[in-house]
Each structure stands twice: as structure tokens, then as C-alpha cells.
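Undergrad: Structure incoming, see below.
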Amino acid sequence: MVFFRLSPVPGSGLVLLCLVLGAVSSYSLELNLTNSEKNICLYAKWQMNFRIRYETTSKNYKFVTISDLANATYNGSICGDDQNGPKIVVQFGSVFSWVVNFTKDVSTYSIDIISFSYDTSDNTTFPDAKEKGIFTVYNPVAFGIPLNDIFRCSSMSTLEKNDVVQYYWDVHVQAFVQNGTVSTKEFLCDKDKTSTTAVPTVHTTVPSTTMPTPKEKPEVGSYSVNNGNGTCLLATMGLQLNITQEKVVSVINIKPNTTDFTGSCHPQTALLRLNSSNIKYLDFVFVKNENRFYLKEVNVNMSLINGSVFSISNNNLSYWDASLGSSYMCNKEQTVSVSGAFQINTFDLRVQPFNVIEGKYSTAQECSLDDDTILIPIIVGAGLSGLIIVIVIAYLIGRRKSYAGYQTL
């Protein structure tokens with residue numbers, strides 16, 4: 001028998017490597033499998049999403065991000081028997097399915113193989129796919145967990161193969177549950193073990209190392225989020241990070257070709273997450289406010305060149321404000337001040353986190369920096385002021401000359 005629950009996970013500040021932070025709500029998948037005696041045989045609770053790259057009929061590549069798992073089903077999940085091990089099977093819609101198999105030996109059990117299937121014949125999700133059909137990727141995992149321990153990994157884990165990147169976090173799983181009782185003894189993944197260890201203090205006797213300051217503008221990257229019904233968020237921007245740590249300033253340009261992106265869309269909130277080899281996450285959280293939207297929250301966790309970890313969160317921002325149904329655009333350099341130690345310079349920015357239609361930007365509302373119309377009254381005012389000054393000077397010169405023409409009798 002299968003019992004499952006979709007639990008809303010509200011954010012309240014910074015949650016370690018959680019994909020959806022602050023005001024954004026996500027869904028935690030939770031599964032209880034019971035055997036014929038109605039005892040729990042497998043327990044799992046986790047969060048995940050997927051990013052798929054596919055080739056279009058025009059020989060370009062597009063990305064689809066799958067993050068809306070609210071309608072997940074678990075048909076085919078089993079406790080296992082002498083012939084077959086336990087298995088979790090998740091379907092979300094008719095387009096995607098996800099399977100994880102477990103095995104065991106004398107003293108340990110293993111998460112064996114994770115497979116993910118997607119159907120590019122679905123014209124809603126893959127409207128212009130060059131190849132139509134069902135594709136499956138298999139990721140061998142095969143790491144051991146002591147029997148009667150529950151495996152926990154709050155940190156982000158990534159599996160990448162072929163054109164699919166899978167993201168997992170807040171994972172709790174125990175296969176082969178003993179006596180129907182889920183264990184309270186946790187077996188941590190390596191990333192969680194690392195994150196619970198205090199970061200070594202960098203003493204002042206160690207010479208500070210700064211990253212070379214890029215003088216050129218950062219490359220402009222294009223990012224998007226798909227919620228299963230099409231593109232729900234668009235962003236185009238060049239990003240430059242300014243970090244101050246122990247009075248040492250580091251300036252880092254984001255390189256789009258080495259940066260992965262994912263995110264999620266909800267009725268009142270939207271999230272764009274960037275990550276790379278040294279950036280665990282850089283999150284942009286957008287919210288609706290009546291008939292407008294704006295950037296409310298930025299979170300970052302990254303490794304610096306000196307080996308230290310830099311982490312900042314601010315959920316009380318107000319940038320990139322525009323009307324719903326439009327996009328926000330600012331071509332000139334603009335600064336998002338997240339904290340005294342962290343600022344983001346943006347270049348050639350355009351973003352639309354809500355009401356995206358057919359994967360295209362709506363009419364843009366320009367920032368004041370781009371609005372040249374404000375220069376007109378300034379130029380006119382300056383011209384009038386100059387004319388008045390010229391008239392006054394000419395008048396004074398004329399007065400001096402007229403006085404010079406008369407002599408006192």
C-alpha cells in the first residue's frame with residue numbers, strides 16, 4: 001500500500017541549499033510504502049527538479065526546467081521481495097517519470113540506479129523538438145548506507161548525463177525499514193558532513209588573495225524557467241559580483257556558458273537560481289504586489305579563491321519594479337545592493353518573472369537610467385539659463401558703454 005503526501009514547505013529566511021527560499025513555497029515529495037502487514041517498509045521525503053536540453057527543428061538548442069511536481073503520482077512503487085528490491089516510481093503528468101532502485105547486502109543498503117524518462121512528443125513542453133519520442137537516462141549511484149539508518153542530504157546534489165541535469169535536496173530516505181519503524185539514526189551525505197564543519201578562520205598573518213578585477217563588461221546570458229506548461233520566467237543579463245571580505249574586494253564576472261540555471265514559478269512568487277563550479281547558488285526571488293512585480297530577495301553561497309565560503313541572504317529588497325504583463329529592462333549598468341559586503345552590477349538587463357506568453361518578452365518598462373526623455377527638460381532649462389546669462393551680460397556691457405558717453409559738467 002502506498003501513502004504519499006505533498007507537503008508545502010514555506011521558507012523563513014535562508015534554508016541550506018534549498019531551491020525555494022524566503023517567500024517562495026515549494027513542495028516536498030513524501031512517500032510511505034507499507035507491506036501486506038501494513039508495516040512501513042520504505043520511507044522517503046525529498047525535493048527535486050530537472051533541466052532538459054533538446055534540439056529544435058531549427059537546429060538550435062532550448063532548455064526546459066521541470067519544477068512543478070504538485071500532481072505527482074507513485075504508481076509502481078513497491079516494497080520489494082526476495083526477487084526484486086524496493087523501488088520508488090514517480091510520475092508527473094504523462095510526459096515525465098522518475099525511478100530509483102534499492103539493493104542491499106548483509107549490513108548495508110544502497111541507492112542503486114536512478115532513471116528519468118521524458119517524452120518529447122508532448123507539443124506543449126517540447127513544441128519544436130527535432131526528435132520526437134521517449135528518452136531515458138540512467139545514473140548509477142550505488143553508495144552504501146548502514147541498515148536501519150535513514151539517509152539524509154540537505155545539500156544540493158546534482159546528477160548530469162546526456163541532456164538531463166537532475167537536482168536533489170532535502171533528501172530523507174530509508175529502504176528496508178526494520179520492524180515498521182523509521183529510524184532516527186541518520187547517515188549523512190558527504191556534503192552535509194562538510195557543511196556542519198566550521199569554516200577555518202583566515203588569520204591576518206595569511207596574505208589576502210584577491211581575484212583579478214575584470215575591466216570588461218560581463219557576457220550577457222539568457223536564462224529561462226519552465227513550469228511544465230511552458231516558459232514562465234525569462235531573464236537576460238550580464239552579471240558582475242562585487243564581494244568585500246576582510247577589506248578585500250573581489251569582482252567576479254558570471255560566465256553564461258559555464259553557468260547552470262533552474263528555478264520555479266508559483267502564483268505569487270518566482271525563482272531563478274544560477275550555479276556553477278564555484279557558486280553553489282545565486283538566487284533571484286520575485287514577488288507580485290497587486291498589479292506589479294519586483295525583485296524581493298537575493299541569496300548567494302559560493303567559494304572564493306582563498307578557500308573561504310561567502311554566504312549572504314537579503315529578503316527585503318525592492319528592485320526591478322514593473323507592471324504585471326510587462327518586462328523590466330535596463331541596458332545601462334545598474335547596481336543591486338544586497339548588503340554592505342555584496343553588490344551585483346547588471347548590464348543589458350531584461351527580466352519577466354510572470355505572465356510570459358509563448359516564451360517571449362512582453363513590452364518593456366525601461367529604468368530611469370535608460371530614459372533619455374528626462375534629458376529634454378534639463379537641456380531646455382540649461383539653454384534658457386545660458387540665454388538669460390548672455391542677455392544679462394550684454395545688458396551690463398551696454399550700460400557701461402552708455403555711461404562712458406557722458407562727462408560731468
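Undergrad: For Glu333, Glu55, give the ranking by accessible area with the largest first, probe 1.4 Å.
TA: Glu333, Glu55
Undergrad: Further question: Calculate the length of the line joining the C-alpha centroid of the stretch 23-83 to that of the stretch 299-338, in whole Å.
TA: With the stretch 23-83 and the stretch 299-338 each reduced to a Cα centre, they are spaced 30 Å.
Undergrad: Oh, and also: Identify all aspartates and glutamates with a Cα-Cα distance to Lys104 below 20 Å; exclude those on the same chain that are fewer than 8 residues away in sequence.
TA: Here the aspartates and glutamates satisfying the reach criterion relative to Lys104 are Asp81, Asp82, Asp112, Asp149, Glu186.
Undergrad: Multiplying the sequence separation of Thr181 and Asp82 by 0.36 nm and subtracting their Cα-Cα distance, what value in nm do you get?
TA: 33.6 nm
Undergrad: Mind giving me the nanometre distance, one decimal, between the label points for Val106 and Ala142, set 7 Å out from Cα along Cα→Cβ?
TA: In this crude spin-label approximation the distance works out to 2.0 nm.
Undergrad: With no solvent and one equal point scatterer per Cα, compute the Debye intensity ratio I(q)/I(0) for the stretch 29-192 at 0.14, 0.20 Å⁻¹ and report its log10, rounded to two decimals.
TA: -0.74, -1.32
Undergrad: State, to one decimal in nm², a quarter of the convex hull surface area for the C-alpha atoms of the stretch 220-370, i.e. the direction-averaged projected area.
TA: 8.7
Undergrad: Taking Lys247 as the anchor, which lysines have their alpha carbon closer than 24 Å to its alpha carbon, excluding any fewer than eight residues away along the same chain?
TA: The qualifying lysines are Lys215, Lys217, Lys280.
Undergrad: Evaluate E = 1/(1 + (r/R0)^6) for Thr34 and Ala382, where r is the Cβ-Cβ distance and R0 equals 60 Å; express this FRET efficiency to the nearest 0.05.
TA: After rounding to 0.05, the efficiency reads 0.15.
Undergrad: Of all trypsin sites (Lys or Arg not before Pro) in the stretch 230-281, which ones are in loop regions per DSSP and have a Cβ with at most 11 other Cβ atoms within 10 Å?
TA: Counting only loop positions with at most 11 other Cβ atoms within 10 Å, the trypsin sites (Lys or Arg not before Pro) in the stretch 230-281 are Lys247.
Undergrad: Right, next: What chymotrypsin sites (Phe, Trp or Tyr not before Pro) does the stretch 297-334 have in DSSP loop regions with at most 16 other beta carbons within 10 Å?
TA: Passing sites in the stretch 297-334 do not exist.
Undergrad: Report the paramagnetic label zone for Ala70: residues of the stretch 79-97 whose backbone N is under 14 Å from a point 7 Å from Cα along the Cα-to-Cβ axis.
TA: 93
Undergrad: Pulled fully out, how much extra length does the chain show between Lys130 and Gln245, if you take 0.36 nm times their separation in residues and subtract their Cα-Cα distance?
TA: Stretched fully, the Lys130-Gln245 segment lengthens by 36.6 nm.
The values are calculated or read from the model by the stated rules, or taken from the named source; none is laboratory data. Values in this document were obtained by computation on a predicted structure and should not be read as measured data. Counting neighbours? That spans all protein chains shown, and the Cβs are built from the backbone with ideal geometry, glycine included. Protein only, heavy atoms only, side chains kept; ligands, DNA and RNA dropped before computing areas. Shrake-Rupley method; radii C 1.70, N 1.55, O 1.52, S 1.80 Å.
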